[in-house]
Amino acid sequence: MSAVTQDTSVSTGRVTRAFIYLVLILFALFYLLPLYVMVVNSLKPLPEITGGNMMALPREWTLEAWGSAWSTAQIGVSPTGLKPYFLNSIMMVVPAVALSTMIGAMNGYILTKWRFRGDVWVFGLMLFSCFIPFQIVLIPMARVLGMLGLAGSVPGLILVHLVYGIGFSTLYFRNYYAAFPTELVRAAQIDGAGFFRIFWRILLPVSGPIAVVTIIWQFTNIWNDFLFGASFGGVNQPMTVALNNLVQSSTGVKEYNVHFAGAILAALPTLFVYIVAGRYFVRGLMAGSVKG
Amino acid sequence: MGFLDISNVTKSYGSVQVLHQVDIAVEEGEFLVLVGPSGCGKSTLLNMIAGLESITSGEIRIKDRVMNGVHPSKRNIAMVFQSYALYPNMTVGQNMTFGLEMHGVPKPERDKALADVAKLLQIDHLLDRKPGQLSGGQRQRVAMGRALVRDPDVFLFDEPLSNLDAKLRVDMRTEIKKLHQKLKTTIVYVTHDQIEALTLSTRIAVMNKGFVQQLGTPKEIYDQPANLFVATFMGSPAMNIIPTKVVLEGDAPHAELSDAEGNRVLLALNQRNLTAWAGREILLGIRPEAITDPEGADRNSGSIRPLSNVVTVTEPAGADTFVTMSLSGKDVIARMRADAAVHPGQRFEFAVNMEKAVAFDPQTEARITP
Ligand SMILES: Nc1ncnc2c1ncn2[C@@H]1O[C@H](COP(=O)(O)OP(=O)(O)OP(=O)(O)O)[C@@H](O)[C@H]1O
Ligand SMILES: [Mg+2]
């Protein structure tokens, strides 16, 4: 990888360089602005927001809004805070991401190393699933979940996201494994390794970069999904839906500081995943194209 | 019945037939080389022996056991791939013992086999490295080591040296030959390099367009090529092929040629049965080393014929000098000692060793056998 990142920049003069930095810093500030507003206002008592300047730092720092958003705020009919919904989201996103990544890896392995008649068609259809808008499947999906007895449950949501995620994860892994030398698989066959052993011992250990890409992609999509959560969540709604209920509630005063804290809570997990795995993300996306 | 029997084997991909009626019996301890130009089906045949490709029709037997449909790991073969195919995530040691592990060999035995082979190939110091940390030559050794550890009935090599630089290739070639002489294992080796084929093999199968053109010892292949393809494919520079008419002088057959200035030249042919071709065209094949200066000619040959012609180009190549002349309108290459006194543009007395000349039927391109 180092060979790739070296020598990709052209040398520039000092003035140009200063200009480039200036522009970059301005853009960075611009992008950070919303986060700043959210953090600052979540740390203020409510009167300071309603009576003051949105951009100002808090005069009185307080974590009260955070506590309220997490455990006591009114969500829908009950004052539970976002906590139970956060847990719903975690229980939904972890298995859905894990399963769709594993199945995608297995599909990619089969589609590249165990080719069969019509495999191109199968792959084409899976690709197609990436382009189907969510809205189209709502009604058939509701019916299927109903028949399976999974309507309004976390397992139901896992299933929905799993089905939707497989198209993408298969695409990622297939393209990654297409560049993996088939001779290695043949060598392993001669060595006596079977279908699963080759996958487990030969391919998976070198799949790190693409696995990270897939996990980030699936995690962000599933965590941020609203439509499926609102449609199929029932009483087990995920974080996004709960946040909406919190912010949109039409009764009582609008507690903006609580809303800001809740929104940050909802964004934290994806932020965390990006920061931890982000640099592998770019590497993984590059791997197939540069190494060839 | 051989140790490895390939009988009447064909291979088709859909309606395209890539191998036609291949029949080769390999004896135990033989070093068989499959050689031919790109796309002739060498790798396909090797992969069929390995069990990586299915057999369309015919039979492959190892030690009298029919191998059709038998899984690659159950054939007791080992294969060395062109790309080496070392598992990138495993160390050299793990790479080499992976096959034994998969076959359920206990750890102490695996370690012993590994130590023996590592010593034999002088890679003991590399066992803890990953393949990415090895040079090309070292990877090549590890790939061979992985095959040797298994102690298989048959070794299969698919162009194992083609990714090495020229010098290393020659060294490894010698090494493989030594290894074969020491271990006496049965080897099937694929290459498109005819020098590798001639130096390594005990027998060669020359292939073209899915057909085995000739199967024989290196000497047979080189001196008695079955047809025009084998004659020109094996040997470097390639055998000179000169279209000529057979004429009778007395009752002896001669080749009628013309030199660079258009003068008629007659070369007496050794092959008596060519009298039957009197008045007809043949293709005369003479290898470059059979055309020399008179001092450099083979003293044991009874048929050195003089041939006077104008030298077109000389190309000194260290030990030899290649000399080009025009004969019957064709460029003909001669191979001489480095200090032969030849000069471009001047007339020179060539000496042609007609014992080594061969003749081909221009229609069928098959050799006219004596
Ligand atoms: N899966 C396939 N489908 C169709 N044709 C194939 C397939 N695999 C190989 N072929 C054809 O079979 C022929 C023989 O291929 P093979 O790989 O055995 O050639 P080769 O002699 O090993 O050549 P090279 O020296 O380039 O490796 C080629 O013409 C190739 O196009
Ligand atoms: Mg090949």
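The table below gives the values:
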read-out: Inter-centroid distance (Cα atoms) of the stretch A:222-266 relative to the stretch B:172-236, Å; value: 75 Å
read-out: Calculated P(r) of the stretch B:249-320 - Cα pairs past 13 Å, %; value: 75 percent
read-out: For the stretch A:111-208, alpha-carbon Rg over 2.2 N^0.38 Å; value: 1.38
read-out: Size of electric dipole in the stretch B:220-348: Cβ of Lys, Arg +1 and of Asp, Glu -1, about Cα centre, debye, nearest 20; value: 220 debye
read-out: Among B:PRO106, B:LEU156, B:ILE176 the positive-end extreme of the charge dipole of the stretch B:76-180 (Cβ point charges); value: B:ILE176
read-out: For chain A, calculated [θ]222 nm from helices alone, where every DSSP H run of n ≥ 4 adds -39500 (n - 2.57); value: -23000 deg cm²/dmol
read-out: Normalised per residue, the volume of the convex hull around the Cα set of the stretch B:24-97 (Å³); value: 136 Å³
read-out: P(r) of the stretch B:93-186 over all Cα-Cα pairs, binned every 5 Å from zero, in whole percent; value: 2, 13, 25, 25, 21, 11, 3, 1, 0
read-out: Estimated vicinal HN-Hα couplings, Hz - the stretch A:183-189 in sequence order (Karplus 6.51, -1.76, 1.60; Gly, Pro = x); value: 4, 5, 5, 5, 4, 5, 5
read-out: Nearest 10 degrees, 0 to 90: helix A:14-42 Cα axis against chain A principal axis; value: 60 degrees
read-out: Equivalent ellipsoid, the stretch B:269-356 (semi-axes from 5 times Cα gyration tensor eigenvalues, Å); value: 24, 15, 10
read-out: Debye intensity ratio in log₁₀ form over the Cα atoms of the stretch A:96-159, taken at each q of 0.17, 0.19, 0.20, 0.27 Å⁻¹; value: -0.80, -0.92, -0.97, -1.11
read-out: Rg/Rh (Cα only; Kirkwood hydrodynamic radius) as it applies to the stretch A:2-72; value: 1.29
read-out: Computed FRET value (nearest 0.05) for A:PHE134 with B:SER326, which takes r as the C-beta separation and R₀ as 56 Å; value: 0.10
read-out: Residues with amide H under 5 Å from that of B:THR312, placed H, sequence gap 5 or more; value: B:THR324, B:MET325, B:SER326, B:GLY345
read-out: Rounded FRET efficiency, nearest 0.05, which uses the C-beta distance separating A:LEU125 from A:THR50 and R0 of 60 Å; value: 0.65
read-out: Angle between chain B longest axis and helix B:166-183 axis [Cα atoms, degrees, rounded to 10]; value: 70 degrees
read-out: The stretch B:4-233 - charge dipole about Cα centre, Lys and Arg +1 at Cβ, Asp and Glu -1, debye rounded to 20; value: 440 debye
read-out: Sequence of B:TYR87, A:TYR36 when ordered by accessible area, the most exposed leading, probe 1.4 angstrom; value: A:TYR36, B:TYR87
read-out: Degrees between helix A:154-178 axis and first principal axis of chain A (Cα, 0 to 90, nearest 10); value: 50 degrees
read-out: Magnitude of the charge dipole, the stretch A:2-72, Cβ model with Lys/Arg +1 and Asp/Glu -1, debye to 20; value: 260 debye
read-out: Probe 1.4 Å - accessible area at B:GLU261, Å² to nearest ten; value: 120 Å²
read-out: R0 of 22 Å, Cβ-Cβ distance A:MET91-A:THR251: FRET efficiency to nearest 0.05; value: 0.15
read-out: For residues of B:77-85, the mean tally of beta carbons on other chains within 10 Å; value: 4
read-out: Where the Cα pairs of chain A fall when distances are cut into 5 Å bins, in %; value: 1, 5, 9, 11, 13, 12, 12, 11, 9, 8, 5, 3, 1, 0, 0, 0
read-out: 3J(HN,Hα) from dihedral phi, the stretch B:6-21, Karplus parametrisation 6.51/-1.76/1.60, rounded to Hz, x for glycine, proline; value: 10, 10, 6, 7, 10, 9, 10, 9, x, 8, 8, 8, 9, 9, 10, 6
read-out: In Hz, Karplus ³J(HN,Hα) per residue of the stretch B:314-329 (6.51, -1.76, 1.60; θ = phi - 60°; x = Gly, Pro); value: 10, 10, x, 10, x, 5, 10, 10, 8, 10, 9, 9, 9, 10, 6, x
read-out: Top positive-direction residue, dipole computed over the protein assembly as shown with Cβ charges, set A:LEU150, B:LEU267, B:VAL18; value: A:LEU150
read-out: Share of alpha-carbon pairs per 10 Å distance bin for the stretch B:1-136, given as whole %; value: 10, 33, 30, 22, 5, 0
read-out: Span per principal axis, largest first, for the Cα atoms of the protein assembly as shown (Å); value: 127, 68, 51
read-out: For the stretch B:4-233, convex hull volume per residue from C-alpha positions, Å³; value: 126 Å³
read-out: Mean-position separation - Cα centroids, the stretch A:16-30 and the stretch B:120-138, in angstrom; value: 49 Å
read-out: Local electrostatic count at B:ASN163 - Lys and Arg +1, Asp and Glu -1, tallied over other residues with Cβ under 15 Å; value: -2
read-out: Helix-only mean residue ellipticity at 222 nm for chain B, each DSSP H run of n ≥ 4 adding -39500 (n - 2.57), per residue, nearest 500; value: -7000 deg cm²/dmol
read-out: Convex hull (Cα only) mean projected area of the stretch B:195-292, reported in nm² to one decimal; value: 7.8 nm²
read-out: Rounded to whole Å, sorted largest first: equivalent-ellipsoid semi-axes of the stretch A:22-154, Cα gyration tensor; value: 44, 25, 14
read-out: A:PHE86 - accessible surface, heavy atoms, 1.4 Å probe, Å² rounded to 10; value: 40 Å²
read-out: Principal axis dimensions, largest first and in whole angstrom, of the stretch B:225-271 by Cα; value: 34, 27, 12
read-out: Positive-pole candidate from A:TRP66, A:PHE30, A:LEU46, dipole of the stretch A:2-72, charges at beta carbon; value: A:PHE30
read-out: Accessible area of A:VAL97 in the full protein assembly, 1.4 Å probe (Å², nearest 10); value: 10 Å²
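The values are calculated or read from the model by the stated rules, or taken from the named source; none is laboratory data. Predicted, not measured: the structure shown is a model, and the values here were computed from it. All Cβ positions, glycine included, derive from the backbone under ideal geometry; neighbour counts span all protein chains shown. Heads up: the accessible areas ignore ligands, DNA and RNA and are worked out on the full protein's heavy atoms, side chains in. Shrake-Rupley method; radii C 1.70, N 1.55, O 1.52, S 1.80 Å.
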